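The values are calculated or read from the model by the stated rules, or taken from the named source; none is laboratory data. No experiment lies behind these values; they were computed from the predicted model shown. With ideal geometry, Cβ positions are generated from the backbone for all residues, glycine too; neighbour counts draw on all protein chains shown. Side chains included, ligands, DNA and RNA excluded: accessible areas come from the protein's heavy atoms. Shrake-Rupley method; radii C 1.70, N 1.55, O 1.52, S 1.80 Å.
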Amino acid sequence: MARGILLRIVLSALCAAGAAAFLYHDYCVLGAGPAGLQAAYFLQRAGRDYVVFERSHAPGSFFAIYPRHRKLISINKRHTGKANSEFNLRHDWNSLLSHEPRLLFRRYSRQFFPHADAMVRYLEDFAAFLGLHILYDTAIVHVTLEKDPQAWNGHYFVLSDQNKQSYKCSCLLVATGTWVPNVVNFPGSEYVEGYETVSTNPEDFAGQTVLILGRGNSAFETAENILGVTNFIHMVSRSRVRLSWATHYVGDLRAINNGLLDTYQLKSLDGLLEGDLEDLAIVKDKKGKLHITLRFYLENSNTSAGIDGITLPQDELDNFATRAPYDRVIRCLGWKFDFSIYNRSLRMMPGRGNKSKYPQIKPSYESRGTRGLFVLGTASHSVDFRKSAGGFIHGFRYTTRAVHRLLENRHHGVPWPSSVYPITQLTNSIIKRVNEASGLYQMFSVLADIILLRENATSFEYLEEYPVGILAELETQTGRKAPSGLFVVIMEYGRNFSGDDKDVFYYNRAVGEAQHAWQSNFLHPVIYYYKRLPTEREMRLHPPDWPLPRPDAIHHIVEDFLTDWTAPNAHILPLRRFLENCLSTDLRNFFAESCFLFVLTHQKLPPFCQQGYARMQGLAGSERLRRHAVDAGLLEDYAVTGLSGDKLPDSRQGSQDQLLRDHVIPLRPLHHLVNAKDEF
């Protein structure tokens, strides 16, 4: 008996020790960068059990090092002329979303392109002020799955840190960004300096000749820093230069860093070259100079004899572009996602083609390989790569909120936030959102407002900033129903306007007439109408240059130079007529007198009159209205008892309006008007 009791005590102790070995949380967030902090904010506001793991001693460790030359290219527009906070976020590319106005980035820097140290301070304050649950100096080095049918997703995520402490969670949010340098290996690549380690002191490059591998913002940022002290700079890459103002993609080359384009095109020695880096080879001579050749020549040369035994391109082509030797070669090829910590059981696979630096995820930002694993922030950019702003703070702050709303519905039964309005407010609701909403504006073609029509289209339910890629799953993902059709409100650029080979400054590029709104080039609102939810098959087969399947009806609100879609004739009237055609109703607002006439002459009232006047919320009697009804033949001209003439005697009976309210005015049957079908 005593031995049995002792055995149970030992087993209980072992179980307790095993439980203590795994620290459990419902949600684990990897990374305390901007996306990780944004996710933590929403989880904390919802009262969820979560923890954030950060390998560094403070949040935003990436920004403590990068960009190397410390100038951000994210806009910090402090003044817009408007007080609307949602509108102002359209032009604030650095702030995270919160309820606290003190946590706006404009309070941390006055510069249009801020210093990176301001971002570090901002993220530190964001985490500290909101009291977010972050474990610093905790590097997660391994992630695997533990099957359990009782778990939310049929498994738990088991994480191990550098100290072999284990953690367990039901949902994993990966917000580590892309921080592993892209490296191309070729003969002589050991002589190449990386962007992450190269000197940032321009004087170290004085009088030198430099070759830069790459053609993105980090490459041009590096060139801009040393442009005034070098002999010349050459830049080589497989892809051509893509300018953000031509492509409308914020990740392409920004104007702040493109000084080398001037010096190249104005023939000041600097230049751009195209070539596949994997075909290159670098040979170092006895003086330490670096010579560029091709791998083909190197493989067919006697390398044991040194550079004298190696054929260089200029030996056969004496005007070869890179025949001059270089003092330094710098690699600036960007970053990729760190796949190394994930066990094969998670099936975290890289994307294909130019998306190989990102993990494969669904339009819902959930991993294609593992349910319950979501990728947030820069690493989630495969959803809208080279299309929208999902790889940058001003974009992924909204996609992170969308993921949180999906999780709230899936795991906690909290439906996607929505508001219900009478149908008469449909036009106003759309106009308000397209003029103010920042999420629609920044995540164009990716996030959309969804308007769910109630039965008989007497009211509607408004959902904000839903990922359009999972429109077919709307009912299961949001907990909302779409029984009577829906509108999708989204922002788009013109389909044939942007691109590497497009002239975006051509004359008459702007469209100003409402009847030509479908030809608008600049960012503008587009409204899709569906009589039912599109199916998953229709979503897969949608036209490649459309964000959605072909709708039952579509309306473009004509582009506006001020991005102010409030013009009565150019913007509001065409939109209202489109909505009326889709709903087969009249969305106008009416005076009570007009509603009175509709009641007497129409079988179907406009919604405004149904929801106002017909519910006794509109009409007050007056002599002017009675006289109008008499003159129109709608009422008999009965005289009020005891009164004659047009004027009331000066008596105690009160005003004329009071008499009209106190006396019943008989109505003559108007069957011919009641049965009339003609609209006013």
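Computed 3J(HN,Hα) for the stretch 582-591, one whole-Hz value per residue from the Karplus formula 6.51 cos²θ - 1.76 cosθ + 1.60 where θ = phi - 60°, is 5, 9, 6, 8, 10, 9, 6, 9, 10, 6, glycine and proline marked x. In the chain, Cα pairs under 8 Å separated by at least six residues give a relative contact order of 10 percent. Averaging Cα coordinates gives a centre for the stretch 430-481 and one for the stretch 98-170; these two points are 29 Å apart. Counting only alpha carbon atoms, the long axis of helix 592-601 and the longest principal axis of the chain meet at about 70°. Between 0 and 90 degrees, the angle of helix 34-45 with respect to the longest Cα principal axis of the chain falls at about 40 degrees. Ordering H91, I65, G372 by the projection of their Cα atoms onto the charge dipole of the chain, which places +1 on the Cβ of Lys and Arg and -1 on the Cβ of Asp and Glu, puts G372 at the extreme positive end. With a Förster radius of 45 Å, plug the Cβ-Cβ distance of T535 and D285 into 1/(1 + (r/R0)^6) and report the FRET value to the nearest 0.05. It comes out at approximately 0.10. Rolled with a 1.4 Å probe across the full set of protein chains, the surface gives K604 an accessible area near 120 Å². On full extension, the segment bounded by E274 and V141 gains 44.0 nm, given 0.36 nm per residue less the C-alpha separation. Rolling a 1.4 Å probe over the protein heavy atoms gives the chain an accessible area of 50 Å² per residue. With R₀ set to 41 Å, the beta-carbon distance separating E593 from T476 gives a calculated FRET efficiency near 0.30. Cβ-Cβ distance of R45 and D262, R₀ of 51 Å, FRET efficiency by 1/(1 + (r/R0)^6): the value works out to about 0.60.
Taking label positions 7 Å along the Cα-Cβ direction at both W245 and R386, the computed distance is 2.2 nm, reported to one decimal. Each Lys or Arg adds one and each Asp or Glu subtracts one; over the other residues with Cβ under 11 Å from the Cβ of F42, this totals +4.
Magnitude of the charge dipole for the stretch 78-204, about its Cα centre and with charges confined to Cβ atoms of Lys, Arg (+1) and Asp, Glu (-1), is about 740 debye. Remark: spin-label model distance K164-A321 equals 5.5 nm, labels positioned 7 Å along the Cα→Cβ axis. Assuming charge only on the beta carbon of Lys and Arg (+1) and of Asp and Glu (-1), the dipole of the chain about its Cα centre is about 1360 debye to the nearest 20. Converting phi to 3J(HN,Hα) with the Karplus coefficients 6.51, -1.76 and 1.60 and the offset θ = phi - 60°, the stretch 370-378 yields 9, 5, x, 9, 10, 10, 10, x, 4 Hz in sequence order, with x at every glycine or proline. The share of accessible area on the stretch 336-459 that comes from carbon and sulfur is 46 percent, using a 1.4 angstrom probe. A 1.4 Å probe over all protein chains sorts S438, S418, S85 by accessible area into S85, S418, S438, starting with the largest.
Counting only residues at least eight positions apart within a chain, or on another chain, the aspartates and glutamates with an alpha carbon under 13 Å from that of K531 are E455, D552. With a threshold of 31 Å on the Cα-Cα distance, the over-threshold entries among K71/K168; K481/K502; K147/K357 are K71/K168; K481/K502. Divide the volume of the convex hull around the Cα atoms of the chain by the residue count and you get 275 Å³ per residue. In the chain, helices alone account for a calculated mean residue ellipticity at 222 nm of -7000 deg cm²/dmol, with every DSSP H run of four or more residues adding -39,500 (n - 2.57).
The 3J(HN,Hα) values that the Karplus relation (6.51, -1.76, 1.60; θ = phi - 60°) gives for the stretch 283-298 are, in residue order, 10, 9, 8, 5, 8, x, 7, 9, 9, 8, 9, 10, 3, 4, 5, 5 Hz. Gly and Pro appear as x.
Measuring between their Cα centroids, the stretch 256-290 and the stretch 482-535 lie 40 Å from each other. In terms of its alpha-carbon gyration tensor, the stretch 110-205 comes out oblate; a/c meets the 1.5 threshold, while b/c is at least as large as a/b. Summing charges over all other residues whose Cβ lies under 10 Å from the Cβ of L453, with Lys and Arg as +1 and Asp and Glu as -1, gives 0. The Cβ shell under 11 Å around S345 holds other residues with a net charge of +2, Lys and Arg each +1, Asp and Glu each -1. For E455, the accessible surface of its heavy atoms amounts to roughly 140 Å² (probe 1.4 Å, protein chains only, rounded to the nearest 10).
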